[in-house]
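These notes concern the structure reproduced below.
The values are calculated or read from the model by the stated rules, or taken from the named source; none is laboratory data. This structure is a prediction, so every number in the text was calculated from the model and none was measured. Backbone-built Cβ (ideal geometry, glycine too); neighbour counts: all protein chains shown.
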Amino acid sequence: MSDLKEIGVTISKDKDFSEWYTQVVTKAGLIDYSPVKGFIILKPYGYKIWENIKEILDKKLKSSDHENAFLPILIPESLLSREKAHFSGFTPEVFWVTRAGDNKLADNLAVRPTSETLAYSIFSKWIMSYRDLPLKLNFWNSALRAEIKSTKPFIRNSEFLWQEGHTVHETDKEAEDEVLLILQYYQDLIENYLAIPTIKGFKSEKEKFVGALYTTTLESIMPDGKALQMATSHNLGQNFSKPFEIRFLGKDSKQYFAWQTSWGASWRLIGALIMVHGDDKGLILPPNIAPIQIVIVPIFKNKDRNIVLDESQRLKRELGVGGLRVHLDDREEYTSGWKFNDWEVKGIPLRINLGLRDINEKKLELVRRDTKEKMFINKNQNFLESIKTILNDIQNSMLEKASRFHDRSIIRVYDYEEMRRKLKENSGFILTSWCGNIECELDVKNQTGADIRVIPFGPERSERDYCIKCKKSSKYNVIFAKAY
RNA sequence: GGGGUUGUGGUCUAGUUUGGAAUGAUACCAGCCUCGGGCGCUGGUGACCGCCGGUUCAAAUCCGGCCAGCCCCA
């Protein structure tokens, strides 16, 4: 038995969370490592999950008149440095192209860490009048930010897949609405498809996107108590339109600087998906995002081979026609037991074990991945509905389970020493009050390792009116946590 | 940024202390067997021992540099 264990995940999630995570991402067949530090290869199964995320979000964006386009990956240094704060925020992690073949380039080219500067230099040419607005573009691409130390697949890589949206508006109000609309899209994707609860709110000045007026964010809590930023949506105000001269002629024949937003979500979401739902056997995928929702494993002795395979094919067709993503595992080189384990590591939400016994009894044996529960349903005209109900149930109970953990992990704290103690013990989200001064934020960071992850939307004033650190009058309810 | 640790067929691994023909399992291939939780039997294929250099008659093993993975701390 000890030999067998090496095939699957060998570390318990509770015992060594980091090691467990790296085993799951590789053993579930999501990624492989590249020869270059910090870069990973997304294998077909991992890419399918990304494609599903992409499809869901893409549909939402198109429904509100966002269009997809593509931008080149190289940005001249002069452009990148046009907005100063923005440039200084990114420059430590920019990769540079300095040569073409044997020739040294006259101007160094940055490999995009994000595309604001390039996009906006072009937008300024496209936008002349209020009739050109709003401009709402989205780019599915990758961004590169050099991660010298500590990389983790999906969570922190030197290159990551994402989408970056960039919009230009006539008014402040329009930009503000856009920021919140996009945040709402993200939240819907994350909660209703990925089954991960989030906290919605603002970033502090220190943590906001460099160059933005303000940043809104969705933060989730991982099983080890650390926070993971799931997606962000920024109001750029006129901070970029001024240096990039994005101006339009209004109805009143006067020149105005435009109001802008940018927003992004990356394959980090896949990392969160793994961490939040996985167990000691491997991945567990919510049905709404799973590339395969149901896997059929046929079980037969040689003499029954054709009967069972025929029936499996028929079942696959029926489920497929019913709108479900289904896979028939008819590989002959593996035994059924081997396949059970294989699909469990990969996290398929529902499995059907189909043998002669079930065919004769007109029954289906179903096994839930999340609860490992085994159940039988009758293979009558209602079986498709029964299966859909079960999948729905899996989706809901996964969100419920994650929500219970989420709620448990938020602790209200009013005393600084208590906060330090809590953060030392087991991390988690510390909900407390803050005066709004960056000094207090930095002190807490230095002393505890935690920073302000999110200032939740809601009443601005805290129910206690003094800052956790300096005891002066407080402005905000905030959540402190250690972060990925 | 600081520290620790690891690198040997596709995968996991013995061997490294004390230099002298690279161990085993699994996977893979061929044949047989057949499946209700990682089947079994027989035979076979597969190794730049992470990379570069040094010491030596001789290096997986000793020395130096580099690359990559993982972990902990900031």
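In segment A:403-423, which residues are part of a loop (DSSP other than H, G, I, E, B) and farther than 19 Å from A:Leu273 by Cα?
A:Val413, A:Tyr414, A:Asp415
Output the residue which, of all residues in segment A:192-214 that are in contact (Cβ under 8 Å) with a residue 40 or more places away in the chain and not in a loop (DSSP other than H, G, I, E, B), is nearest to A:Ser81 (Cα to Cα).
Once the filter is applied, the top-ranked residue is A:Phe202.
Looking at A:Leu354, A:Leu384, A:Leu399, which is the one that is at pLDDT 95 or above and part of a strand (DSSP E or B)?
A:Leu354
Take the residues in segment A:352-369 that are more than 7 Å from RNA strand B (Cβ to nearest atom), among the charged types (D, E, K, R) and out of contact with any Gly (no Cβ under 9 Å at 6 or more places or on another chain); name whichever of them is farthest from A:Ile307 (Cα to Cα).
Residue satisfying both the conditions and the ranking: A:Arg368.
I'm checking my understanding of the structure. Among residues of segment A:234-260 that are free of Cβ contacts under 8 Å to residues at least 60 places away in the same chain and assigned to a strand (DSSP E or B), which one is farthest from A:Ile196 (Cα to Cα)?
A:Gln255
List pairs: first residue in segment A:324-339 and within 20 Å of A:Pro287 (Cβ to Cβ), second residue of a type in the set (D, E, K, R) and in a loop (DSSP other than H, G, I, E, B) anywhere in the structure, Cβ distance under 7 angstrom, at least six positions apart or on different chains.
Hits for this filter: A:Lys339/A:Asp329.
Can you run down the residue pairs with Cβ atoms below 9 Å, 6 or more apart or on separate chains, where the first is in segment A:8-37 and closer than 17 Å to A:Asn157 by Cβ and the partner is of a type in the set (Gly, Ala, Ser) and near RNA strand B (Cβ under 10 Å from one of its atoms)?
A:Val24/A:Gly282; A:Val36/A:Ser158; A:Lys37/A:Ser158
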